[in-house]
Structure formats: structure tokens, C-alpha cells
Amino acid sequence: MKITVIIPWVFLFLLFGHNDDALAETEGSILSASLAKSQMMQIITPRLDWAMANNNYAVQLFDADWKVVPNDSIALYQQARQVYIFAKGFEATNDNRYLTAMIKSADLMIDHMYDESTSNWFASVNRSNTSLRSQSKEYETAFALFAMAHAYDASKEKRYLDKALATWMLSDLATGFLIARSKESSSAENIINSGTWSTNALMHLFEALLALHDVTKSGTVWQDIETIASFVSTSLIQEESYIAEYYENVNQPLAISDGGYVELGHQIEWAYLLHTAVDKGLDTRYRTIANSLVEYALMVGWNDSEGSLGGRADYSRNLVEKQPVWWAQAEFMKLNLYFIKRKFDTTQSKYLLSSSYSFIVNRFLDYKIGGWFLSSREGKRRPVGYHPVGMYSEELIEYY
């Protein structure tokens with residue numbers, strides 16, 4: 001093992017505890033369940049404490065000292081992510097404070113960000129005057145569906161399931177989904193002409209539909225999951241094994257000169273979602289597709305000397321943004337934790353996990369008071385935590 005991996009691991013071992021860390025190291029994983037839970041709660045609990053102390057469950061921006069950074073609006077996707085992390089806090093601790101905070105955060109979404117007459121969600125609302133709202137956007141709506149599914153799963157309160165189902169039945173959930181359904185049911189010449197559209201919204205809709213299926217077991221929801229997966233495999237993934245960030249019309253990657261690129265972190269997210277969909281019943285051929293996305297991301301963006309994944313690439317396998325981003329490192333760790341726990345390619349995954357964790361410790365983890373930073377310790381901003389909380393939660397899942 002490289003010394004760049006050993007030093008931060010020993011440091012963290014001493015700092016964050018060691019209940020079953022010796023076992024984790026014996027098994028080859030640098031992140032034990034107890035350490036994962038400890039670091040996850042260091043992200044979630046300060047938000048809970050602030051919300052309870054201020055009786056304010058609107059998502060906040062915080063600086064390095066957990067002081068609020070003033071801003072004028074509440075973004076729907078951020079509020080939805082807060083619902084998710086509180087749900088995960090309750091799942092990890094069985095502490096009803098997290099359940100209460102999740103319910104109040106979800107109710108704020110319904111009360112101020114949901115249009116009962118149309119079942120659409122407002123992308124943001126003004127903090128001081130929630131009647132000032134912005135138009136619905138597909139990325140944000142995908143996260144609203146995701147949050148409502150998780151809120152129902154944790155609370156079993158029917159109003160959340162009702163909102164999730166009403167959102168799912170919207171006719172314009174995401175442009176990519178409309179194209180996928182059109183392609184599935186029409187001849188090629190009748191497929192809708194979409195202009196430029198983003199695969200990011202489609203990916204998070206896929207994630208939200210998986211969460212919705214978990215709580216409904218609906219065959220119709222599953223058909224939508226299969227529709228998106230088929231569209232990815234037949235129309236989006238390119239010969240070089242990447243999914244572009246933007247497409248023109250149906251399946252033409254947006255030209256680099258017009259702003260097109262490959263987001264390497266999204267290759268990892270797609271891979272994880274496809275793998276977990278196979279676990280739930282999707283055809284096993286999608287594992288091969290998922291693995292090809294990972295191989296592409298590693299080939300183009302992996303920096304073995306520091307244990308990081310680069311940001312963005314062009315269509316010729318050149319990194320155009322070398323700077324690693326915090327959320328992609330969290331998603332990369334989550335995928336490797338999944339591989340290890342499911343006993344897929346564990347030797348490589350253990351090495352990649354150890355290397356990437358060392359990088360995260362040095363760049364994004366606050367070893368003074370816990371939690372993550374958006375860019376670095378000098379960045380002085382904290383994320384809501386959807387990405388790292390999802391990563392830590394993966395370590396807490398029991399597959400066998």
C-alpha cells in the first residue's frame with residue numbers, strides 16, 4: 001500500500017474511532033460501518049441541531065463553522081436532499097428527531113413548493129416570501145419525486161406517496177424520458193425532436209423511479225425504469241463507452257464547440273444506478289454496460305498518483321477539466337463500496353477505495369469538527385450532503 005494512503009488512514013483511525021475498524025482493515029476495506037456512520041452523522045446532525053434550535057426546516061447554506069450563509073431562495077433540489085439526509089439519519093440511528101426533521105422538511109416542500117392544481121413543483125421559492133416562486137424544472141422535479149419516495153418509506157405517511165405518484169404521472173417529467181418513451185413506441189421518423197437536452201435530469205429521474213419502485217413495487221413504475229435503461233443502452237451510450245452530458249435531438253452528443261462534454265462523475269453515478277437496478281430485477285446485461293462506463297471513467301480520468309477522478313472530458317478522451325470535484329469522489333467511493341460488499345472485483349475496488357478515501361481526507365473532509373467541504377478546507381462552504389451521505393449509507397447496507 002502506498003504511504004499516501006497509510007498516513008491519512010492512521011490519522012483518521014485515531015481521530016474518528018475504532019470500534020470495528022480493525023476488522024474492516026483485515027477484510028481490506030478502509031471504511032468500517034462504525035466509521036461510516038460516525039462521519040455520516042457529522043454531516044447530518046449539525047443541520048438537525050440548527051433546524052431544531054431555530055424551528056426552521058428550510059434548507060440552509062452553511063460555512064465551515066456551521067454558521068448560516070445568507071441567501072434569498074430555497075432551491076427545491078436542495079430541500080429535497082435535506083429530506084433524504086434526514087431520512088438516512090433516522091434509518092441509521094432510529095432517533096425520532098431525524099424522522100421529525102424529515103417530516104417537517106418534506107411538509108415544507110408540499111406546503112410552499114408544490115402546485116396542487118397541476119402537480120408541478122416550483123424550482124425555488126423566496127425565503128422571506130414563499131409566494132415568489134420560479135418555474136418548474138425537470139432536474140428539480142426528479143429530486144422532488146426522490147424525496148417524496150424516501151419520506152414515505154421512512155414515515156409511511158400517505159401524503160408523501162400521493163405526491164410521489166402525482167409527480168410520477170406528470171406528462172413532462174424529463175425530456176430524455178419523453179424521448180425514450182417516444183422511441184419505444186414510435187417509428188424512428190416519429191420520434192420527437194427535442195433540441196438540446198440534459199442527461200443529468202434523466203439520470204436522477206431513473207434514481208427517483210428506483211426509489212419509488214422500492215416503496216410501491218409497481219409494475220408500471222418498473223416498466224418506466226426498463227424504458228430508461230433500454231434508451232441508455234441503445235441510444236445514449238457511445239461506441240467509446242461514455243454517456244454525454246448533453247444531446248441534440250434524440251441521441252447526438254452536443255458538439256464540444258457548443259458546450260458538450262462528458263461528466264466523469266456521472267458515468268460513475270449511472271454505473272451505480274444500473275448495477276442496483278440489476279439487483280432489483282433489471283436484465284444482467286446492464287452490468288456489462290455499467291462496467292464499461294466505469295472503465296471509461298478510469299481510463300480517461302483516474303489519477304493514480306493522488307487517488308482522484310478528474311472532472312470532465314471531451315469526446316476524444318482528453319480531460320478538459322482535470323480538477324476533481326467533491327461529489328464525484330463521493331460517488332466513486334460509493335460505487336467501490338458497492339463492489340466490495342457485493343463481492344464484485346474486490347481486489348481492484350479495495351485499492352481504488354483506499355486511494356480515493358485518502359484523497360478525500362486530504363481535500364474535502366473536515367477532521368477538526370467533522371463534515372465535508374464543497375471544494376477544500378479553504379472553500380469554507382458545506383454541501384447539504386446528499387452525495388457523501390449516500391456513500392456512507394452504502395457501507396451500512398447489508399446485502400447478505
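The values are calculated or read from the model by the stated rules, or taken from the named source; none is laboratory data. Fair warning: this is a prediction, and the values are worked out from it, not measured in the lab. Glycine also receives a Cβ, built like all others from the backbone with ideal geometry; neighbour counts cover every protein chain displayed.
Odds and ends about this structure:
- Scan of region 57-70 for residues that are in a loop (DSSP other than H, G, I, E, B) and over 18 Å from residue 131 (Cβ atoms), ordered by number: 57, 59, 60, 61, 64, 65, 66, 67, 69, 70
- Options 169, 148: the member that is farther than 25 Å from residue 246 by Cβ, crowded, with 19+ Cβ neighbours inside 10 Å and aliphatic (A, V, I, L, M): 148
- Checking 374, 337, 353 one by one, the residue that is within 30 Å of residue 74 (Cα to Cα) and either in a helix (DSSP H, G or I) or in contact with a strand residue (DSSP E or B) (Cβ under 8 Å, 6 or more places away or on another chain) (or both) is 374 and no other.
- Residue count for region 194-233, restricted to those that are charged (D, E, K, R) and not in a helix (DSSP H, G or I): 1
- Exactly one residue out of 366, 345 is free of Cβ contacts under 8 Å to residues at least 24 places away in the same chain, charged (D, E, K, R) and surrounded by fewer than 24 Cβ atoms within 10 Å (Cβ to Cβ): that is 345.
- Residue match in region 212-219 (condition: at pLDDT below 95 and over 18 Å from residue 289 (Cβ atoms)): no
- Yes/no for residue 112 being within 30 Å of residue 48 (Cβ to Cβ) and in contact with a Ser or Thr (Cβ under 7 Å, 6 or more places away or on another chain): yes
Yes/no per residue for (1) surrounded by 18 or more Cβ atoms within 10 Å (Cβ to Cβ); (2) part of a loop (DSSP other than H, G, I, E, B); (3) without any contact (Cβ under 8 Å) to a residue 40 or more places away in the chain; (4) of a type in the set (Asp, Glu):
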| site | (1), (2), (3), (4) |
| --- | --- |
| 265 | yes, no, no, no |
| 269 | yes, no, no, yes |
| 272 | yes, no, no, no |
| 287 | no, no, yes, no |
| 296 | yes, no, no, no |
| 306 | no, yes, no, yes |
| 327 | yes, no, no, no |
| 332 | yes, no, no, no |
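- Contact map, region 80-108: first residue modelled with pLDDT of 95 or more, second residue part of a loop (DSSP other than H, G, I, E, B) and among the hydrophobic types (A, V, I, L, M, F, W, C), Cβ cut-off under 7 Å, separation 6 or more or different chains; pairs are 81/384; 82/59; 82/384; 85/384; 108/58.
- A single member of 358, 393 is surrounded by fewer than 22 Cβ atoms within 10 Å (Cβ to Cβ), outside any loop (DSSP other than H, G, I, E, B) and touching a residue at least 24 places away in the same chain (Cβ under 8 Å), and it is 393.
- Candidates 155, 136: the one that is more than 29 Å from residue 69 (Cβ to Cβ) and among the small types (Gly, Ala, Ser) is 155.
- Qualifying residue in region 127-137 (condition: closer than 23 Å to residue 393 by Cβ, among the β-branched types (Val, Ile, Thr) and either modelled with pLDDT of 95 or more or in a loop (DSSP other than H, G, I, E, B) (or both)): no
- Within region 234-256, the set of residues being part of a helix (DSSP H, G or I) and of a type in the set (Ser, Thr, Tyr) comprises 234, 235.
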